[in-house]
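Just so it is clear, none of the values below were taken in a lab; they were calculated from the coordinates. Just so it is clear, the structure is predicted and the values come from calculations on it, not from any experiment. No Cβ is skipped: glycine too gets one built from the backbone with ideal geometry, and neighbour counts run over all protein chains shown.
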Amino acid sequence: MRSAMPAVRAERLCPNAVFLPPDFPRYRAISRQVREIFKRHTDLIEPLSLDEAYLDVSENKTALPTATQVARAIREQIRSELNLTASAGVAPNKFLAKIASDWRKPDGLFVIQPEEIDSFLLPLPVNRLPGVGKVTEEKLKSFQVHTVADLQALDLATLERRFGRYGVRLHELARGIDDSEVIPDKPTQSISVEDTFEQDVTLAETEPMIRRLAEKTWEASRNEARVARTVVLKLKTSEFKILTRSHTPGSPPASCEELTSIALSLRERVGLASQQRFRLVGVGLSNFREPDDACAQPALFE
């Protein structure tokens, strides 16, 4: 529900900490082992990232009578076989399970029973709801909406008028409603890596970070069978305004160098004053296609 703390901020808060470089091949190997443990219990697994997934255990392979018992069994197997801790959230739907899984990290189990939804949900600040970032949170606060209970008090027509289609979603979330299903093997839509600068920088000074993030993004994409067509550059200004620029070349980026070159060229399309400063940069790949579809070129002449 919340973004991870940027490494530069962690370093400021704990200057004596030891920072280790990421080992994505190792992470992927462990992720596959965890996935095999999940498969002992259900085939309805929707991965969110290397270390997170939704599981539908309404009907599980081990015939355990409750989802809570399944969660306990999975956590114990991860601990005994991989020597890792794992947090789990058990709830009637994906939205609530996500909140529950964050509730007792890094090594906990939290359960929200159907009859407990209101007592759990209503006191929460609205920024715990998915999609409620800083901008939406400030807009809700301007309407004196600080908690989920405050949000629930607003009628659907008011929310639609103020937030459009997302107002319907807010109306449902405030009532603990989420009808989305667990979708196994959901195709990757995008891969991105971002980081926050220790001090705000100008656009010209972002190049070293873009190069590092492009390398990480390229490495992460190598585990995908499908091919990304579009390169995305994300920037956040010192005023917290988010800008994105993207480019879809005639053929997908074929190397880390090509991805890096495109990401750097996208800076030229930002169009802000040279003195504008930025606090965050991200590099991503999106528009994933099957290899044959991605490489197909449209005819120049009919």
Simple spin-label estimate for Ser274/Phe143, 7 Å along Cα→Cβ, in nm, reads 4.4 nm
With a Förster distance of 51 angstrom and the Cβ-Cβ distance between Arg161 and Ala17, calculated FRET efficiency to the nearest 0.05 equals 0.60
In whole Hz, the Karplus estimates of ³J(HN,Hα) for region 218-230 (6.51, -1.76, 1.60; θ = phi - 60°; x where Gly or Pro) are 4, 4, 5, 6, 5, 8, 9, 6, 7, 10, 8, 8, 10
Toy charge model, Lys and Arg Cβ at +1, Asp and Glu Cβ at -1: the chain dipole around Cα centroid in debye, rounded to 20, equals 600 debye
Looking only at lysines whose Cα falls under 21 Å of Lys94's and that sit 8 or more positions away or on another chain, we get Lys39, Lys61, Lys105, Lys186
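Could you line up His146, His171 from fewest to most neighbouring Cβ atoms inside 10 Å? Walk me through the intermediate numbers first.
Numbers: His146 14, His171 20.
Least to most surrounded, the residues fall as His146, His171.
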Expected sort for Val90, Val281, Val168 with the fewest Cβ neighbours (10 Å cutoff) up front is Val168, Val90, Val281
Checked region 122-173 against the a/c 1.5 cut and the a/b vs b/c comparison, axes a ≥ b ≥ c from its Cα gyration tensor; verdict rounded
Summing -39500 (n - 2.57) over every DSSP H run of at least 4 in the chain, dividing by its residue total and rounding to the nearest 500, the 222 nm mean residue ellipticity is -11000 deg cm²/dmol
Put in order of increasing Cβ neighbours within 10 Å, starting from the fewest, Leu109, Leu82, Leu235 give Leu82, Leu109, Leu235
With label points set 7 Å from each Cα along the Cα-to-Cβ direction at Ser265 and Glu115, the distance between them in nm comes to 6.3 nm
Fraction of alpha-carbon pairs in region 190-295 farther than 15 Å apart, rounded to whole percent, equals 58 percent
Restricting to Cα pairs under 8 Å and 6 or more apart, the percent relative contact order of the chain works out to 15 percent
Distribution output for the chain: share of Cα-Cα pairs per 20 Å bin in percent, first bin at 0, values 26, 57, 17, 0
Once both label points are put 7 Å beyond Cα along the C-beta direction, the Asn83-Gln33 separation in nm becomes 0.9 nm
Ranked by GNM mean-square fluctuation in the chain (Cα springs under 10 Å), the top entry among Ser261, Ser80, Ser31 is Ser80
Length gained, Val135-Arg175, 0.36 nm per residue minus C-alpha separation, equals 12.2 nm
Here region 12-19 yields Karplus 3J(HN,Hα) values (6.51, -1.76, 1.60; θ = phi - 60°; whole Hz; Gly and Pro given as x) of 5, 6, 9, x, 8, 5, 9, 9
